[in-house]
Amino acid sequence: MDNDGFHLSARGSLGNAAIEKLLRAALGDQAVLTGEAVTEFASGWSDLGAPVALVRPADTDQVAAAARICHQAGIPMVPWGGRTGLVAGACADGAVAISLDRMNRIEEVDPVDGVMLVQAGCVVATACEAAEQVDMFFPLDLGSRGSATIGGVISTNAGGNRVVRFGMTRQLVLGIEVVLADGTVLSSLHPLIKNNTGYDLTQLFCGAEGTLGIVTRAVLRLRPAMPGRNVAFVAVEDFNCVTRLLRRLESRLGGQLSAFEVMWPEYYHLVTTPPALGRPVLAHSHGYYILVETMGADRGEDASHFETVLASAMEEGLVSDAVIAKSEAEAARMWALRDDGEQVGRIGPYLPFDVSLRVSRIAPFVAELRAGLELQWPGKQSVVFGHVGDGNIHLVIAAGDNSAAQREAITDIVLNLVGKYEGSISAEHGIGLDKLPYLHLSRSPQEIAAMQRIKHALDPDNIMNPGKVLPAPCPSDAGGAAL
Ligand SMILES: Cc1cc2nc3c(=O)[nH]c(=O)nc-3n(C[C@H](O)[C@H](O)[C@H](O)COP(=O)(O)OP(=O)(O)OC[C@H]3O[C@@H](n4cnc5c(N)ncnc54)[C@H](O)[C@@H]3O)c2cc1C
């Protein structure tokens, strides 16, 4: 008998039916779905595969019980959050999918310590609302805010619109509770900003994409509410002005700059012309369009300072034109243009990329990429926009005949060029399955070997979201690849 009181036969010898039976006995029938019920329950933004079973634990103990069963049976497990990832990181073919959706409670919000304790299945927007209720602020903001979960954003180290000021998810997480591959509950739920007591285990799981363990709870860091929000739409003529304006706003706005979102003209055209609902806020003749946002404590003073800084940039010729939102509704309309990414579908079948580069290298990178695409496929359309404040751009490239060969050829061109410019082939969604063949373009053999060793130490049987993020080590490196 194991801890749950169920007899398990020798490791790896259980069939799917036996595993399902054990899961049902441990978690209850209502928490285990199979066959059609899985498809009815779940859809995703990328391939979810065909799991052997989907379990929906109600608490950490149930996650641990499910993990112990999978560990004993030697069957892989794949954690599921909101399934909004775009790189097939939650693909659970032949595995037990473990959805955190029932573990969605906010357990504690403490405005004095500025922390919040949440379960991993809590949706990001819900966490933000809970912070607002006590006059605090959880700064993570991304397009998938209504579906992505805290466990998912931690596991992909999600970024979003406000990274330029508040950092990525790893900067917003103080502590974490994780269930490891063998069912061990590792609690590192420290609500401390400063804690120099050895290795930072919390950070180890940020961006691990569920390959090291299942995040079950987390302590998030909150900031005071910032009611003084200002938003403007700005036009500049060349990329040199984009980077100069970024640094100018950072220095003159006293740290209040919270978003710096750049749209190349093709993107701006798509989101401001029918069938898009948005309409132009500035003429269609400029080189780049930038949505600028600041957040601060004083509505009146912040607004007038914001206006002064933008006016002086215009007087100098750094900015060609600008409109400042005079109401929340106008600010929302400006953000709606930036967020209307689905308009890129109008260029036909396309391939999306989220990459990051040093800000100084973005313009030459885009120019070289477009020249390379034009040479091979004259007239191929590409659209660029993104969180340039933190070097992250989205590239959307028309996939032509959309054949596998053409998609692979385009991917090779884009990601090899990112490697040449020493950028990151994934600034947002992670590596998952889709970007695995390109990991070496952004990480050295030594880095990959070190990651394989960490993976092996925590998951020696390779059952925790296997095949994602890292290539399998060579069989000769049984204890993890050599450094
Ligand atoms: C419209 C849209 C806009 C987006 N905008 C952004 C953006 O601005 N910035 C950005 O970074 N991303 C963005 N994304 C990508 C996506 O929303 C993020 O990657 C998000 O963090 C995924 O969260 P999720 O809960 O949906 O995780 P899932 O998609 O369910 O899972 C993603 C990965 O995390 C693992 N995982 C999930 N939950 C857990 C857990 N509890 N423990 C361990 N591993 C887990 C999964 O196994 C998988 O590998 C966007 C996606 C969409 C569809």
- Message: I'd like to check something: does the range 425-446 contain any residue that is modelled with pLDDT under 95 and hydroxyl-bearing (Ser, Thr, Tyr)?
- Response: no
- The condition of being modelled with pLDDT of 95 or more and closer than 28 Å to Leu174 by Cα holds, among Leu257, Leu249, Leu245, only for Leu257
- Query: Going by the structure shown, is Asn157 out of contact with any His (no Cβ under 7 Å at 6 or more places or on another chain), of a type in the set (S, T, N, Q), at pLDDT 95 or above and on the phi > 0 side of the Ramachandran plot?
  - Reply: yes
- Message: Would you confirm, using the coordinates I've provided, whether Leu395 is surrounded by fewer than 17 Cβ atoms within 10 Å (Cβ to Cβ) and within 16 Å of the ligand (Cβ to nearest atom)?
- Response: no
- How do the pairs read when you match residues in the range 450-463 that are part of a helix (DSSP H, G or I) with residues anywhere that are at pLDDT 95 or above and among the hydroxyl-bearing types (Ser, Thr, Tyr), using Cβ under 8 Å and keeping only pairs 6 or more apart or on different chains? Lys455/Thr211
- Just a yes or no: is a residue in the range 406-414 within 16 Å of the ligand (Cβ to nearest atom), modelled with pLDDT under 95, charged (D, E, K, R) and in a helix (DSSP H, G or I)? no
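Taking helices (runs of 4 or more DSSP H) that do not extend beyond the range 120-225, which have at least 1 residues that are surrounded by fewer than 24 Cβ atoms within 10 Å (Cβ to Cβ)?
Result: 124-133, 163-166, 201-205.
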- Query: Given the residues Thr126, Thr84, which is the only one that is out of contact with any helix residue (DSSP H, G or I) (no Cβ under 8 Å at 6 or more places or on another chain) and either over 26 Å from Ile431 (Cβ atoms) or outside the structural domain of Gln171 (by TED's automatic domain parsing) (or both)?
  - Reply: Thr126
- Residue pairs meeting the criteria (Cβ under 7 Å; at least 6 apart or on separate chains; first within 6 Å of the ligand (Cβ to nearest atom), in the range 137-166; second at pLDDT below 95 and part of a helix (DSSP H, G or I)): Gly143/Asp339; Gly143/Gly341; Gly159/Asp390
- Task: Can you work out which of the residues in the range 230-286 that are hydroxyl-bearing (Ser, Thr, Tyr) and in a helix (DSSP H, G or I) is nearest to Lys326 (Cα to Cα)?
- Result: Tyr268
- Message: Return the residues of the range 271-326 that are farther than 25 Å from Pro224 by Cα and of a type in the set (Gly, Ala, Ser); say none if nothing qualifies.
- Response: Ala276, Gly278, Ala283, Ser285, Gly287, Ala311, Ser312, Ala313, Gly317, Ser320, Ala322
- Query: Which residues, counting only those in the range 329-339, are among the acidic types (Asp, Glu) and either modelled with pLDDT of 95 or more or surrounded by 19 or more Cβ atoms within 10 Å (Cβ to Cβ) (or both)?
  - Reply: Glu330
- Across (1) within 16 Å of the ligand (Cβ to nearest atom); (2) part of a helix (DSSP H, G or I); (3) touching a helix residue (DSSP H, G or I) at 6+ places or on another chain (Cβ under 8 Å), His440 clears everything bar (1)
- Message: Return the residues of the range 39-54 that are away from the ligand (no atom under 13 Å from the Cβ) and surrounded by 22 or more Cβ atoms within 10 Å (Cβ to Cβ); say none if nothing qualifies.
- Response: Val52, Ala53
- Item | Qualifying positions in the range 95-117 - of a type in the set (D, E, K, R) and either in contact (Cβ under 8 Å) with a residue 40 or more places away in the chain or at positive phi (or both) | Asp101, Arg102, Glu107, Asp110, Asp113
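The values are calculated or read from the model by the stated rules, or taken from the named source; none is laboratory data. Only a predicted model underlies this, so the values are computations on that prediction, with no experimental measurement involved. Cβ sites come from the backbone with ideal geometry, for glycine too, and all protein chains shown count toward neighbours.
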